[in-house]
Amino acid sequence: MLQPVSGEEPMTVDLGMPATPPPVLAERRKTRQLMVGSVGVGSEFPVSVQSMTTTVTADVNATLQQIAELTAAGCDIVRVACPSADDAEALPAIARKSQIPVIADIHFQPKYVFAAIEAGCAAVRVNPGNIKKFDDKVKEIAQAAREHGTPIRIGVNAGSLDPRLLAKYGKPTPEALVESALWEASLFAEHDFHDIKISVKHHDPVVMVRAYELLAERCDYPLHLGVTEAGPAFQGTVKSAVAFGALLSKGIGDTIRVSLSAPPVEEVKVGLQILQSLNLRPRKLEIVSCPSCGRAQVDVYKLADEVTAGLSGMEVPLRVAVMGCVVNGPGEAREADLGVASGNGKGQIFVKGEVIKTVPEHKIVETLIEEALRLAETMGETGEGQPVVTVG
């Protein structure tokens, strides 16, 4: 409680997760709306998270197993590659048995676009830059997609840009990517087909951001964000977070895919964390921990890792603070739903801003996990927001 000025009533501070919706940096850009299976894509729906299987699609069991893992991680939509006839033949079973909408990813052969639509895929991604005589097939594709209620993603990539535009611009500039996407969208529009979302991906976040900014100015289609070939886990996470943050903070973007040279579940984890950090998804477990320094009197890294592992899978929004010294520790611990300020071989445990007990250092992790589970159970019963835990 804050100390009152003489003669005034005591002031209280309401800690923990806010009851009202958290603020966002900008309103979403207004777009057309479409349905990818059961998932809405557009400004009236939450930003969705996608990933792509790494299995051979023709191996139905392996592909469905990976889709199940992605679903458990929180993935909203999954994409599968379809480079062969065997893959196309597997699409009906995968689309039927998947727990989340399946998008077929088509390159080179236009016949697989029709196969994916007939298979009941929730959407089809086409790459106009490398599908043979794609523009000549737009009328047929639009007709088939309309009859089956199948949205189309026009996916333009810097690495497979239409040769005509490469010749015009000299390289995959933002302007070249946007011109390619809008040209293809206009061909579909000529046949009164508008159930489209667009992506203009580049490996350079600066080029990618500019391309999406230009695209957002020139159309109202929903946009699928992605930094293509972003790289290994660490580099790709940073590049994707920078690019997505720059766009989503301006309200640009309706569905995202983090492209990592890592297992696809890691892509989903990063994507969800980006959205939660921007208040575009409800925050779940949030560990606030200090980076440690010469003032720390406990192993903060070990404490934070053990608390995170112990609370893995918690679905309630809980902020837990794990703090290692007396400078910022007590203040951060008070601001969290649950926290510990550590020092001199002991830890002060805070719940909702109040010290509830002091425990020996070897009991800090055990106590935090017990209190977190108790808080989560209480919040689940009352329907209130989830707690926050800070580690530092």
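Some points to look at:
- Close pairs (8 angstrom Cβ cut-off, 6 or more residues apart or separate chains): on the phi > 0 side of the Ramachandran plot in segment 49-77, not in a loop (DSSP other than H, G, I, E, B) anywhere: Gly74/Val49; Gly74/Val268; Gly74/Lys269; Gly74/Leu272
- Among the residues making up segment 327-346, those that are more than 13 Å from Ala304 (Cβ to Cβ) and surrounded by fewer than 24 Cβ atoms within 10 Å (Cβ to Cβ) are Val327, Asn328, Pro330, Gly331, Arg334, Glu335, Gly343, Asn344, Gly345, Lys346.
- Filtered residues of segment 281-326 (kept if open to solvent by less than 30 Å² (accessible area, probe 1.4 Å), touching a Lys or Arg at 6+ places or on another chain (Cβ under 6 Å) and more than 18 Å from Gly347 (Cα to Cα)): Pro317
- Selected residue [at pLDDT 95 or above and either in contact with a Leu (Cβ under 8 Å, 6 or more places away or on another chain) or more than 30 Å from Asp136 (Cβ to Cβ) (or both)] from Leu247, Leu214: Leu247
- Hits in segment 267-299 (condition: touching a residue at least 40 places away in the same chain (Cβ under 8 Å), out of contact with any strand residue (DSSP E or B) (no Cβ under 9 Å at 6 or more places or on another chain) and charged (D, E, K, R)): Lys269
- Residue among Val49, Val24, Val56 that is of a type in the set (Val, Ile, Thr) and under 18 Å from Ala116 (Cβ atoms): Val56
- Of the residues contained in segment 237-257, one or more are found to be touching a residue at least 60 places away in the same chain (Cβ under 8 Å), assigned to a helix (DSSP H, G or I) and closer than 15 Å to Val227 by Cα.
- When the criteria are applied in full, His202 fails the requirement of being in contact (Cβ under 8 Å) with a residue 60 or more places away in the chain and not aliphatic (A, V, I, L, M).
- All positions within segment 79-93 that are within 15 Å of Ser51 (Cα to Cα) and either β-branched (Val, Ile, Thr) or open to solvent by 40 Å² or more (accessible area, probe 1.4 Å) (or both): Val80
- Segment 217-235, residues that are open to solvent by less than 30 Å² (accessible area, probe 1.4 Å) and either part of a strand (DSSP E or B) or modelled with pLDDT of 95 or more (or both): Cys219, Tyr221, Pro222, Leu223, His224, Leu225, Gly226, Val227
- For segment 94-120, the candidate set comprises residues that are assigned to a helix (DSSP H, G or I) and either under 27 Å from the mean Cα position of the chain (by Cα) or β-branched (Val, Ile, Thr) (or both); within that set, the residue that is surrounded by the fewest Cβ atoms within 10 Å (Cβ to Cβ) is Arg96.
- Of all residues making up segment 37-53, the number that are over 14 Å from Lys197 (Cβ atoms) and in contact with a strand residue (DSSP E or B) (Cβ under 9 Å, 6 or more places away or on another chain): 5
- Residue check for Leu278: open to solvent by 20 Å² or more (accessible area, probe 1.4 Å), within 28 Å of Val178 (Cα to Cα) and not small (Gly, Ala, Ser): yes
- Highlighted here are the helices (runs of 4 or more DSSP H) found entirely within segment 121-200 that include at least 2 residues which are open to solvent by 60 Å² or more (accessible area, probe 1.4 Å) and among the acidic types (Asp, Glu): 134-148, 174-190.
The values are calculated or read from the model by the stated rules, or taken from the named source; none is laboratory data. What you are looking at is a predicted structure, and each value in this text was computed from that prediction instead of being measured. Cβ atoms come from the backbone with ideal geometry, glycine included; neighbour counts cover every protein chain shown. Remember, those area values only see protein heavy atoms, side chains included, never the ligands or the DNA or RNA. Shrake-Rupley method; radii C 1.70, N 1.55, O 1.52, S 1.80 Å.
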